[in-house]
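Single-structure report; data block below.
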Amino acid sequence: MAKVKLTKTVVDAAQAQSTDIELRDSMVPGFLCKVTPSGRKVFMIQYRTNAGVRRKPALGQFGELTVEQARVLAQDWLAQVRRGGDPGGLKAKERKAPTVKELCTQFMEDYSKTRNKPSTQRSNQFQIDRYIIPAFGSTKVHEVTRTDITSLMKRMEKAPSSANHALACLRKMFNLAELWGYRPDGSNPCRHVPKYPERGTTRLITDEQMGKLFAYLDQADAEGLENPSLTLAIRLQFEFAARMSEILLLEWDWVDLVHRRVVWPDSKTGDMSKPINEEAHRLLSAAPHYKDSRYVCPSLFNRQRPMTGHGYYSGWRRILGRAGVPHVGTHGVRHRATTDIANSGIPVKVGMALTAHKTVTMFMRYVHTEDDPVRAAAELVANRRKTVVENRKPASPEFIGSDADRPIKAVIPYRPRQRRNRGTQPRSSGSQHATGTSAESAEP
């Protein structure tokens, strides 16, 4: 079609036909107005990128944009093309960009279900369904900003633990979004967003409480007060400094009593191997081995299944109450065992091998400082300071004018003074003492 100068009159006069017609502008190359059979009039720009790709994106509809506004926009786009850009391709890419909801689906299918434990998968899905999708599920992945993340954290401030879990899930998802090309590198909106401090702490089982606990365990085993699988599980968790799940899922096929080693093929941190000490060897050797169960600590009601976490926790809570020990979670066993390992003087690297911690930071989070060693250390420091002071005291101290080249000055005895109506310092032994009553004389 012949080129014309696009004006409001020309575009208004254009009539719809059975096929699309294009009114091309004679002033800006590639600028045109397309009239569809339905009567819609759309401004477009046609260009070729530096890579030779033809583009013909829409700029906007007539009515939303005037002819002059569309012409200026077309000139801006062409200027970007001359600089090597591709505004039409960028627009199409952003339009096809996934939403946060679609990213969540891809995250669960392509990452979490192949790399995370079932419990972690359930936790991630819960965070997605409960917090992430309601917050910005329909937002494009590349449009999520740090302000959106901080706003979500602010709304969840009354549940700091849940907020931290949601933040961790979001941080991983946006890291993968960068890997999959949905966001530029280093643009994760969760960066520099702080976690909430979690007030919950695991109390350390003291030496006295340990004595009470094991005294009751001995009595329970001797008199049959508790299920043997339950007391065995508690003792083994202490000996291996293990997580509760590692003891409950322990199978006899993983135990090598000859070479004194236990191998967990799939623990929280992957495959894991630990040596069997003398006490653990005695416990495992004397433990009942049921032919219909492959588990070291089978369920209390069905030996073909492992002991449940609820059954173990309930039994642990009951045993603490009967032993007269204040309540602490089952993870307190691992904290106490890790503290014993750290206080034994062995290298940290060896201690990490015994607890199966991956980092020193995580290992030290399980190490507690007991009051008695700290108090003894404070006394040791105080006694050392006292010894130094006593040994370094001069026989006849002279503190005023002790240097030979300085004149000896008289020392004015200390006396308590009030802020108001106090006397001034005497200038010499023969001077009279002046007592000031005004504000000026009260100041030295």
- Message: What distance in nm lies between label points placed 7 Å from Cα along the C-beta direction at I412 and D207?
- Response: 5.6 nm
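Counting DSSP beta bridges in the chain, what percent are antiparallel, to the nearest 5? Each step should come with its number before you reach the end.
Values: 25 of 27 bridges.
Here the antiparallel bridges make up roughly 95 percent for the chain.
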- Item | FRET efficiency, H289 to Y313 (Cβ-Cβ, R0 22 Å, nearest 0.05) | 0.35
- In the full protein assembly as shown, how much of H259 is accessible to a 1.4 Å probe, in Å² to the nearest 10? 140 Å²
- Pairs from K154/K349; K101/K154; K291/K349; K93/K113; K5/K140; K56/K172 whose Cα-Cα separation, in the structure shown, is over 30 Å: K154/K349; K291/K349; K5/K140; K56/K172
- Task: Consider the candidate values [x] 22.1; [y] 19.0; [z] 50.5; state which one is mean projected area of the Cα convex hull in nm² computed from the structure displayed.
- Result: [z]
- Note on the structure: the chain, Gaussian network, Cα under 10 Å: of T308, T147, T36, the residue fluctuating most is T36
- Task: Under a cut-off of 14 Å between alpha-carbon atoms, report the aspartates and glutamates in cross-link reach of K96, not counting same-chain residues fewer than 8 places apart.
- Result: E143
- Consider all pairwise Cα distances in segment 120-184 and report the whole-number % of them above 14 Å. 58 percent
- Note on the structure: With all protein chains present, segment 90-169 has a carbon and sulfur share of its accessible area (1.4 Å probe) in percent of 50 percent
- Counting all C-alpha pairs of segment 265-358, share separated by more than 17 Å (%): 68 percent
- Using only helices, what value at 222 nm comes out for the chain when you add -39,500 (n - 2.57) per DSSP H run of length 4 or more and divide by the total residues, to the nearest 500 deg cm²/dmol? -13500 deg cm²/dmol
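Just to verify a number: FRET efficiency for R122 and E198, C-beta to C-beta distance, R0 = 22 Å, to 0.05? Please report the intermediate quantities before stating the final value.
Values: r = 20 Å, r/R0 = 0.92.
FRET efficiency, R122 to E198: 0.60.
Give me the 1.4 Å probe accessible area per residue for the chain, excluding ligands and nucleic acids, in Å². Write out the running numbers ahead of the final one.
Details: 27890 Å² over 444 residues.
Spelled out: the 1.4 Å probe surface of the chain, per residue, equals 63 Å².
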- Item | Of the trypsin sites (Lys or Arg not before Pro) in segment 194-267, those whose Cβ has at most 15 other Cβ within 10 Å and which sit in DSSP loop | K195, R199, R203, R260
- Query: Ignoring ligands, DNA and RNA, how do W316, W180 rank by accessible area with a 1.4 Å probe, largest first?
  - Reply: W180, W316
- Residues of type lysines that K8 reaches as a straight line, Cα spacing below 17 Å, ignoring anything fewer than 8 places off in the same chain: K34, K41
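What translational diffusion coefficient, in µm²/s and rounded to a whole number, does the Stokes-Einstein relation yield for segment 157-307 at 37 °C and a viscosity of 0.692 mPa s, taking the hydrodynamic radius as the Kirkwood radius over Cα pairs? Please report the intermediate quantities before stating the final value.
Working: Rh = 19.0 Å.
D = 172 µm²/s.
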- Find the percent of Cα-Cα distances in segment 1-105 that exceed 15 Å, and round it to a whole number. 64 percent
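The values are calculated or read from the model by the stated rules, or taken from the named source; none is laboratory data. Everything quoted here is computed from the prediction, not taken from an experiment. A quick note on method: Cβ atoms are made from the backbone with ideal geometry, for glycine too, and the neighbour counts reach across all protein chains shown. The protein model used for the area step is the full one, side chains on, heavy atoms only, and it has no ligands, DNA or RNA in it. Shrake-Rupley method; radii C 1.70, N 1.55, O 1.52, S 1.80 Å.
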